[in-house]
């Protein structure tokens, strides 16, 4: 497996919200094609390709629902994050999905 492919998989896994979604079939097809391309004459890589194909077949029927997008940060929480935690208004607006976690972390850490 080439380093570029491994890096692409890592980026996709680490921050999927920043990339266009791929169907599972596309992911497995791409992985299989890349492994085949580098695996000619290498039995361990050929075996990896077979495993990826089997995983793709097993996962073909699984559908994962996307969570509904969160709304804006509630005013009370935005006020607390700005006045108590010390976040800027821009950071609060940018962290809509993480605002509750930031507040919970702040409340649970010793001061």
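The values are calculated or read from the model by the stated rules, or taken from the named source; none is laboratory data. These numbers come from a predicted model, not from an experiment. For neighbour counting, all protein chains shown are included, and Cβ atoms are generated from backbone atoms with ideal geometry for every residue, glycine included.
Considering only residues of segment 39-55 that are modelled with pLDDT of 85 or more and in contact with a helix residue (DSSP H, G or I) (Cβ under 6 Å, 6 or more places away or on another chain), which is farthest from residue 102 (Cα to Cα)?
By that ranking, first place goes to 46.
Name the single residue, out of those in segment 61-88 being surrounded by fewer than 11 Cβ atoms within 10 Å (Cβ to Cβ) and modelled with pLDDT of 85 or more, that is farthest from residue 28 (Cα to Cα).
The qualifying residue farthest from residue 28 (Cα to Cα) is 83.
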